[in-house]
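Visitor: After the structure tokens below, expect a handful of questions from me.
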Amino acid sequence: MSTQQSTTAVSSSSPAFGRLALPGLLIAVVAVVLNTLIAMLARTLFSITPAFSPLQPVFFISATVVGVIGAVAVAMALMRWSKQPRRQFLRIGLAVLCVSVLPDLSLLFVHFIPGATVAEVGTVALMHVLTGLLCLGILSRSMA
């Protein structure tokens, strides 16, 4: 009897994983490449200090991948437990995207990273928005 329940649990989650794993990987790769290009362009156009850690590759690449994994996990959970997963995903994703930019903007006022400039903070915010929009666009289409 317990074998039957575990088989059901695995099979009900497999379609969501199958539909979202490849798009999630694609998003992660594209977002990392685009965020790297944005960081390189920002360093070229603006005087970005090397001490500004959010624009160091190890930081923004890992943050990008973790963010995409989080979005895929939420999408998978909603596909499994929500009656309207795509609609819920878009609502949650837009809310999280809006909130995710607040810590970036706070860098200008809180001085958590001393000397953070508008260009540095704007670049990080742009990276957040780009990754978020990729997740929302591609994952929501994959959920349909």
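Visitor: Of all the helices (runs of 4 or more DSSP H) wholly in the stretch 85-144, which have at least 2 residues that are within 15 Å of THR49 (Cβ to Cβ), of a type outside the set (Lys, Arg) and in contact with a helix residue (DSSP H, G or I) (Cβ under 7 Å, 6 or more places away or on another chain)?
Guide: 85-110, 118-134
Visitor: Filter the stretch 107-140 for residues that are small (Gly, Ala, Ser) and modelled with pLDDT of 95 or more; which is farthest from LEU20 (Cα to Cα)?
Guide: ALA119
Visitor: Here is a further query. Report, by residue number, each residue of the stretch 60-100 that is without any contact (Cβ under 8 Å) to a residue 24 or more places away in the chain, closer than 20 Å to GLY122 by Cα and surrounded by 14 or more Cβ atoms within 10 Å (Cβ to Cβ).
Guide: ALA63
Visitor: Which one of MET143, MET79, MET40 is aliphatic (A, V, I, L, M) and farther than 29 Å from PHE17 by Cα?
Guide: Selected residue: MET40, the only one of MET143, MET79, MET40 that is aliphatic (A, V, I, L, M) and farther than 29 Å from PHE17 by Cα.
Visitor: Here's a follow-up. Filter the stretch 21-55 down to residues that are of a type in the set (S, T, N, Q) and under 17 Å from the mean Cα position of the chain (by Cα) and give me whichever is farthest from VAL101 (Cα to Cα).
Guide: The qualifying residue farthest from VAL101 (Cα to Cα) is THR36.
Results for (1) of a type in the set (Lys, Arg); (2) assigned to a helix (DSSP H, G or I); (3) within 25 Å of VAL118 (Cα to Cα); (4) modelled with pLDDT of 95 or more, shown as yes or no for each residue.
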position	(1), (2), (3), (4)
SER47	no, no, yes, no
ALA51	no, no, yes, no
PHE59	no, yes, yes, yes
THR64	no, yes, yes, yes
GLY67	no, yes, yes, yes
GLY70	no, yes, no, yes
VAL74	no, yes, no, yes
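The values are calculated or read from the model by the stated rules, or taken from the named source; none is laboratory data. Given the structure is predicted, the values throughout are model-derived calculations rather than measurements. Glycine gets a Cβ as well: all are built from the backbone with ideal geometry, and neighbour counts include every protein chain shown.
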